[in-house]
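Here is the structure we will look at, set down as structure tokens.
The values are calculated or read from the model by the stated rules, or taken from the named source; none is laboratory data. Keep in mind that what you see is a predicted model, and the values were worked out from it rather than measured. Don't worry about glycine lacking a Cβ; one is built from the backbone with ideal geometry, like all the others, and counts go over all protein chains shown.
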Amino acid sequence: RIKIVTIGGGSSYTPELIEGYIKRKDELPIGEIWLVDIEEGKDKLEIVGNLAKRMVKEAGLDWEVHLTLDRREALKGADFVSTQFRVGLLDARIKDERIPLSHGVMGQETNGAGGMFKAFRTIPVILEIVEDMKELCPDAWLVNFTNPSGMVAEAVLKYGKFEKVVGLCNVPIMHNMMESKVIGKKPEDLYFQYGGLNHHHWHRVFDREGNEVTEQIMDKIFNQDENTVQNITSIPFFEEQIRDLGMLPCAYHRYYYLTDDMLKKELEEFAKGETRAEVVKKVEAELFELYKDPNLKEKPEQLTKRGGAYYSDAACELISSIYNDKKTDMVVSTRNNGALADLPYDCAVEVSSIITAAGPKPMNFGKFPPAERGLLQVMKAMEEVTIEAAVTGDYGKALQAFTLNPLVPSGKVAKVILDEMLVAHKKHLPQF
Ligand code: NAD
Ligand code: G6P
Ligand code: MN
Ligand code: MN
């Protein structure tokens with residue numbers, strides 16, 4: 001039977017995962033689930049872990065659910081390792097958002113300076129996990145959710161030299177759900193073709209008759225208040241610009257296509273002490289209050305207030321597809337290998353792929369028109385330099401990465417923000 005390990009098990013998202021495994025109980029012969037956390041997350045692990053145990057019991061399953069702070073013990077002989085940790089917890093995210101905003105610059109957890117610092121804190125930890133895996137479960141698959149998910153996957157491939165890694169995100173699923181609904185279809189009746197980077201991809205959509213319905217979806221979404229994910233304000237895109245793209249952007253493209261409006265909104269939230277991280281802190285406290293209730297035996301509805309809702313559909317389906325060689329069509333972060341002709345072969349891209357027992361096989365997306373290509377190549381270069389800075393701790397490289405990032409203004413302000421963040425996050429940045 002299978003042993004699954006989740007690192008960052010104390011996350012409030014864990015009931016999503018457990019629900020996803022329970023749904024797939026007939027296709028996934030699970031024996032053990034190990035939820036791993038660290039001292040700082042001990043209380044969260046205890047609460048959410050006990051809910052996980054109740055959920056499994058309620059479903060009448062004999063799976064062992066272990067809660068531990070001993071990562072190496074958990075990894076021994078694992079088949080799948082999923083990662084969903086946040087180095088420095090939400091307090092670090094508050095700094096990622098508030099420090100850039102205090103200088104009038106976008107503060108977002110996966111975009112701009114904040115996302116880059118999340119990479120600086122996370123990459124050294126994921127590389128340690130990979131070293132443990134090589135020793136304790138060399139054949140296991142690493143299923144990563146930890147943001148910035150695409151950069152983390154690339155770091156594992158390039159610097160961890162570990163091939164069996166897949167990066168995941170719930171955004172494509174959320175788009176599939178929303179877009180099929182607006183044209184009165186079900187997601188399974190449509191074919192979605194995605195290409196780009198994590199939180200920076202575009203897609204086209206086709207129906208069962210083979211007609212492209214991308215424009216038809218655009219007709220609808222410009223006439224309604226479309227909300228893809230909870231954490232992103234759904235300010236409408238400029239219709240003419242999106243028509244010109246010829247593809248549907250992802251929700252996160254608002255930070256790049258509507259920068260001034262998004263920044264204005266963030267600055268208002270900042271002034272009220274209501275950045276997304278601060279809001280999430282409250283949602284999380286509410287969720288953990290619910291989780292403590294011994295009568296709660298299922299994933300509560302309130303979890304849909306988190307931006308990552310439905311991510312278990314991605315994680316559990318991916319695990320089942322690899323285990324059962326299902327050849328499912330999924331959007332994952334994986335090595336490009338030429339699928340996106342505009343990017344290096346060895347980088348990670350987020351792309352529609354066929355999931356086999358040998359992992360994701362990305363489908364060819366080809367070349368992008370110049371409008372997409374320009375931004376895509378800058379963003380990839382920014383990611384490559386950010387990852388290199390995270391690995392080496394090189395100050396010049398970090399500044400270089402800030403310059404490449406379209407959301408960080410170059411010059412003195414970049415240096416001031418970089419310096420302030422290096423001090424604020426010092427505890428979690430041993431490499432700098
Ligand atoms: P969180 O703040 O609740 O952190 C999750 C857990 O990680 C905490 O219990 C914490 O103690 C633990 N942790 C921190 N450092 C650790 C370490 N070194 N080893 C083991 N555990 C450690 O975070 P969250 O809001 O639940 O999000 C978890 C992660 O998942 C974040 O990185 C977030 O960005 C990511 N996420 C990604 C997606 C996606 O689409 N890819 C969706 C949702 C969340
Ligand atoms: C989703 C993203 C995740 C991100 C989450 C944030 O849109 O796919 O990568 O972590 O939202 O949600 P939160 O509730 O933490 O703001
Ligand atoms: Mn995501
Ligand atoms: Mn810049």
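Numerical summary
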| quantity | calculated |
| --- | --- |
| Verdict on residue 31 being over 23 Å from residue 88 (Cα atoms), among the small types (Gly, Ala, Ser), in contact with a helix residue (DSSP H, G or I) (Cβ under 8 Å, 6 or more places away or on another chain) and not in a loop (DSSP other than H, G, I, E, B) | no |
| Only listed residue being modelled with pLDDT of 95 or more, out of contact with any strand residue (DSSP E or B) (no Cβ under 7 Å at 6 or more places or on another chain) and part of a helix (DSSP H, G or I), chosen from 42, 25, 53 | 42 |
| Selection within the stretch 293-348 - touching an Asp or Glu at 6+ places or on another chain (Cβ under 9 Å), over 27 Å from residue 26 (Cβ atoms) and within 13 Å of ligand 2 (Cβ to nearest atom) | 302, 305, 306, 333 |
| Meets criteria (in contact with a helix residue (DSSP H, G or I) (Cβ under 9 Å, 6 or more places away or on another chain) and of a type in the set (Asp, Glu)) for residue 131 | no |
| Filtered residues of the stretch 143-202 (kept if in a strand (DSSP E or B), away from ligand 2 (no atom under 12 Å from the Cβ) and surrounded by 24 or more Cβ atoms within 10 Å (Cβ to Cβ)) | 143, 165, 166, 194, 195, 196, 197, 202 |
| Checking residue 233 against (1) assigned to a helix (DSSP H, G or I); (2) without any contact (Cβ under 8 Å) to a residue 40 or more places away in the chain; (3) β-branched (Val, Ile, Thr), the condition it does not meet | (1) |
| Total residues in the stretch 240-255, condition surrounded by fewer than 17 Cβ atoms within 10 Å (Cβ to Cβ) and not acidic (Asp, Glu) | 3 |
| Top-ranked residue of the stretch 332-364 - restricted to ones that are among the hydrophobic types (A, V, I, L, M, F, W, C) and more than 21 Å from the chain's Cα centre (by Cα), ranked as surrounded by the most Cβ atoms within 10 Å (Cβ to Cβ) | 341 |
| Output for the stretch 220-239, where each listed residue is over 23 Å from the mean Cα position of the chain (by Cα) and either closer than 21 Å to residue 376 by Cα or exposed (fewer than 13 other Cβ atoms within 10 Å of the Cβ) (or both) | 223, 224, 225, 238, 239 |
| Residue list for the stretch 219-247, restricted to those being within 16 Å of residue 172 (Cα to Cα) and at pLDDT 95 or above | 247 |
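Residue-by-condition table, conditions (1) of a type in the set (Gly, Ala, Ser); (2) touching a residue at least 60 places away in the same chain (Cβ under 8 Å):
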| residue | (1), (2) |
| --- | --- |
| 88 | yes, yes |
| 102 | yes, yes |
| 138 | no, no |
| 149 | yes, yes |
| 175 | no, yes |
| 178 | no, no |
